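The values are calculated or read from the model by the stated rules, or taken from the named source; none is laboratory data. Quantities reported herein were computed from a predicted structural model and do not represent experimental measurements. In this analysis, Cβ positions are derived from the backbone assuming ideal geometry, glycine residues included, and neighbour counts consider all displayed protein chains.
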Amino acid sequence: MRTRLTVATALLSLLGGLAGARALAAEAARQEAPVRFVVSAAASARGDAIADAALAAIMRQAGRAYTLNREPVARALASFQAGQYDADLLRIAQFDRIVPGAVRVDPHLLTTTIQAFSRTPAVSPTSWAALSGLRVAYVRGVKVIEAGVAGHAEVEVMNSASACLGMVAVQRVDVCLLNAEHDYGPPPRVDGVPLHRSVLARINLHIWVAPGPQAPALAQQLSAAVRQTLASGELTRIAGGNRQP
């Protein structure tokens, strides 16, 4: 009887050891797997390039492989919510109100500039309150602009930056609001019409990790990498005026 108990105990110990080994192997595999990032397409190729370079520097510091897919704003949000990605590269500080359970990476990565484009310098809003009474267009899925224009009677939601600017050119709206790099400017003329720019707000953007058991550990790893890249000066060199303290 004692022999049977000893054998059973040994088997249980072996099985427990195997389960532990499998768990460790699974965790090691997860650590080695590329981190899947999504980011919303920027208003310009230069904005995309800044985001790409910032992420490359962060992930070199973290020592992790990664992939980055660029999607239209609304689709990027839907894909992130559906669990298709491990992290979203650039979202506002209150993004967990939209995706509960997502984990923010601090400090912020970049700063976006909310800009208003109009046909005349006479329409140059420099605050959300100054939009009152104006016809406003913005790109679908940009939540910070969506919140800022809430309550406006005349709001048009467009599918792209070019479509938004075009609405100003044909006088369907008074202003087009875009989130872009700090020195972004539209083409000199849109549909043959010169446009004027004013800065409405500057908003810090963070990496956000998708909800799940791995989220705290990944967020901590990315946070350390952002801090180290910032301390070395590399992130500041990449971002320039596109990152406020």
Item to complete: Mind counting the residues in the stretch 139-161 that are touching a residue at least 24 places away in the same chain (Cβ under 8 Å), buried (at least 17 other Cβ atoms within 10 Å of the Cβ) and within 21 Å of G192 (Cα to Cα)?
Response: 1
Discussion item. For the condition assigned to a strand (DSSP E or B), among the aliphatic types (A, V, I, L, M) and over 20 Å from the mean Cα position of the chain (by Cα), what is the one hit in A130, A116, A122, A150?
Written reply: A116
Worksheet item: For Q228, all conditions in the list (1) surrounded by 14 or more Cβ atoms within 10 Å (Cβ to Cβ); (2) assigned to a helix (DSSP H, G or I); (3) under 18 Å from the mean Cα position of the chain (by Cα) hold save one; what is the number of the exception?
Response: (3)
Discussion item. Suppose we filter the stretch 167-183 for residues that are under 21 Å from E71 (Cα atoms) and surrounded by fewer than 20 Cβ atoms within 10 Å (Cβ to Cβ); how many remain?
Written reply: 0
Fill in: Filter pass, L195 being touching a Lys or Arg at 6+ places or on another chain (Cβ under 9 Å), among the aliphatic types (A, V, I, L, M) and under 26 Å from G63 (Cβ atoms)
no
Practice prompt. Go through (1) of a type outside the set (V, I, T); (2) surrounded by fewer than 17 Cβ atoms within 10 Å (Cβ to Cβ); (3) at negative phi and name the single condition G212 misses.
Written response: (3)
Worksheet item: In the stretch 82-98, what count of residues is obtained for those that are crowded, with 16+ Cβ neighbours inside 10 Å and part of a loop (DSSP other than H, G, I, E, B)?
Response: 3
Worksheet item: Is it fair to say D174 is touching a strand residue (DSSP E or B) at 6+ places or on another chain (Cβ under 8 Å), charged (D, E, K, R) and touching a residue at least 24 places away in the same chain (Cβ under 8 Å)?
Response: yes
Worksheet item: Which ones in the stretch 166-181 are more than 16 Å from A41 (Cα to Cα) and not in a loop (DSSP other than H, G, I, E, B)?
Response: G166, M167, V168, A169, V175, C176
Worksheet entry | Residues that are among the aliphatic types (A, V, I, L, M), surrounded by fewer than 16 Cβ atoms within 10 Å (Cβ to Cβ) and in a helix (DSSP H, G or I), drawn from the stretch 40-81 | A45, A49, A53, A56, A78
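Okay, residues lined up against (1) at pLDDT 95 or above; (2) polar (S, T, N, Q); (3) within 16 Å of Q115 (Cα to Cα):
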{"residue": "V168", "(1), (2), (3)": "yes, no, yes"}
{"residue": "H196", "(1), (2), (3)": "no, no, yes"}
{"residue": "A217", "(1), (2), (3)": "yes, no, no"}
{"residue": "A224", "(1), (2), (3)": "yes, no, no"}
Fill in: Residues of the stretch 94-109 satisfying the condition of being of a type in the set (A, V, I, L, M) and modelled with pLDDT of 95 or more
V99, A102, V103, V105, L109
